[in-house]
Amino acid sequence: MNEFAFIFRPTRPVSPDDLPRRNAAARDWALARRSEGTLVRASPLEAEGVKVAQDGAAPIADAHAVGAVLVLQAPNLDAAVALAKGHPGLAFGTEIEVRPVKVVAPPTP
């Protein structure tokens, strides 16, 4: 199995009434992936943060900033995309970038 990063970005604000429903559906989806053995790790991100570049650092202010990164296992990119297409966040304006994870420093046994 290969690992794929699912990078989540909002495309529009979620209403305060829809937020708990969206969060519960996304959590249930992630727990189901964990139960089936495809979820490697889930890392929702806090809203605050800092972008660091060669010329300095500044608070993250981008409305489309990354909101979470999940790593899932799938046999290939097509299967990973099929998993992403089933994520409930899509209905709430979330876009999911699916990228193969390149192993450069494998974990030590």
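The values are calculated or read from the model by the stated rules, or taken from the named source; none is laboratory data. Just so you know, these numbers come straight off a predicted model, no measurement behind them. Heads up, the Cβs are rebuilt from the backbone with ideal geometry, glycines too, and the neighbour counts pull from every protein chain shown.
What the table below lists for this structure:
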{"quantity": "Output for the stretch 22-54, where each listed residue is acidic (D, E) and either in a helix (DSSP H, G or I) or modelled with pLDDT of 95 or more (or both)", "calculated": "D28, E36"}
{"quantity": "Within the stretch 26-39, considering residues that are of a type in the set (A, V, I, L, M) and surrounded by fewer than 16 Cβ atoms within 10 Å (Cβ to Cβ), the one farthest from D78 (Cα to Cα)", "calculated": "L31"}
{"quantity": "Search result, residues across the stretch 47-60 that are surrounded by 10 or more Cβ atoms within 10 Å (Cβ to Cβ) and either closer than 20 Å to G93 by Cβ or touching a Phe, Trp or Tyr at 6+ places or on another chain (Cβ under 7 Å) (or both)", "calculated": "I60"}
{"quantity": "Residue selected from the stretch 61-85 under the condition assigned to a helix (DSSP H, G or I) and not small (G, A, S), by the criterion surrounded by the most Cβ atoms within 10 Å (Cβ to Cβ)", "calculated": "L83"}
{"quantity": "Subset tally (residues that are part of a strand (DSSP E or B) and either of a type in the set (A, V, I, L, M, F, W, C) or surrounded by 16 or more Cβ atoms within 10 Å (Cβ to Cβ) (or both)) for the stretch 1-21", "calculated": "8"}
{"quantity": "In the stretch 55-64, residue modelled with the highest pLDDT [restricted to those that are under 21 Å from T11 (Cβ atoms) and in contact with a Lys or Arg (Cβ under 7 Å, 6 or more places away or on another chain)]", "calculated": "I60"}
{"quantity": "Where G86 falls short, out of the listed (1) at pLDDT below 95; (2) out of contact with any strand residue (DSSP E or B) (no Cβ under 8 Å at 6 or more places or on another chain); (3) among the small types (G, A, S)", "calculated": "(1)"}
{"quantity": "The stretch 86-106, residues that are in a helix (DSSP H, G or I) and closer than 17 Å to L31 by Cβ", "calculated": "P88, G89"}
{"quantity": "Hey, A42 free of Cβ contacts under 8 Å to residues at least 40 places away in the same chain, out of contact with any strand residue (DSSP E or B) (no Cβ under 7 Å at 6 or more places or on another chain), under 21 Å from E3 (Cβ atoms) and surrounded by 10 or more Cβ atoms within 10 Å (Cβ to Cβ) or not", "calculated": "no"}
{"quantity": "Lone qualifier among D28, D55, D78 - being within 17 Å of A5 (Cα to Cα) and among the acidic types (D, E)", "calculated": "D78"}
{"quantity": "Subset of the stretch 6-23 that is in contact with a helix residue (DSSP H, G or I) (Cβ under 9 Å, 6 or more places away or on another chain) and among the hydrophobic types (A, V, I, L, M, F, W, C) - its residue that is nearest to H64 (Cα to Cα)", "calculated": "F8"}
